[in-house]
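Undergrad: Got a structure here, written out as structure tokens. Questions coming.
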């Protein structure tokens, strides 16, 4: 019997991705990035999990971020920002938020713990990290 672990499968597909959840606000905004070494200029898609269950799928990580470019992460177009569906948030309760790289099916980045609150206005995670987005080469 041949048992393949997710890590072995990702290595075989050369799809190893790296990413990070940079911010989760208490009203459901989430911001971060994901990129793969094998595809430094191609965007990745991620799924955001809340308490281990998919809350958002198909988030394309293609927002330009100057900090990613400076860190040598492709052309810097690997960021994302999104609002979690209100149905996945329970005001006053604590949840764990994590990311899955959709190409490999593997988790990327860390797990964030957040206590939710009722929204008072627009998400604070939408504040841009960069004001200019240079064209892709």
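The values are calculated or read from the model by the stated rules, or taken from the named source; none is laboratory data. If you're wondering where the values come from, they're calculated on a predicted model, not measured in any experiment. Backbone-built Cβ (ideal geometry, glycine too); neighbour counts: all protein chains shown.
Undergrad: Mind listing just one residue for me: the one in region 27-44 that is under 25 Å from residue 88 (Cα atoms) and at pLDDT 85 or above and, of those, surrounded by the most Cβ atoms within 10 Å (Cβ to Cβ)?
TA: As a first pass, look at region 27-44 and keep what is under 25 Å from residue 88 (Cα atoms): 27-34, 44.
Filter again for at pLDDT 85 or above, leaving 28-34, 44.
On the way: 28: 23, 29: 19, 30: 26, 31: 23, 32: 27, 33: 29, 34: 27, 44: 25.
Per the stated criteria, the residue is 33.
Undergrad: Of all residues in region 56-66, which are touching a strand residue (DSSP E or B) at 6+ places or on another chain (Cβ under 9 Å) and not in a loop (DSSP other than H, G, I, E, B)?
TA: Residues satisfying the conditions are 56, 57, 58, 59, 60, 61, 63, 64.
Undergrad: Under 7 Å by Cβ, and 6 or more places apart or on different chains, what pairs join a residue from region 73-86 that is under 13 Å from residue 97 (Cβ atoms) with one that is in a loop (DSSP other than H, G, I, E, B) and at pLDDT below 90?
TA: Short answer, once both residue conditions are applied: 83/28; 83/123; 84/28.
Condition check ((1) in a strand (DSSP E or B); (2) in contact with a strand residue (DSSP E or B) (Cβ under 7 Å, 6 or more places away or on another chain); (3) surrounded by fewer than 19 Cβ atoms within 10 Å (Cβ to Cβ)) across all residues:
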| site | (1), (2), (3) |
| --- | --- |
| 46 | yes, yes, no |
| 54 | yes, yes, yes |
| 80 | yes, yes, no |
| 87 | no, no, yes |
| 97 | yes, yes, no |
| 105 | no, no, yes |
| 110 | yes, yes, yes |
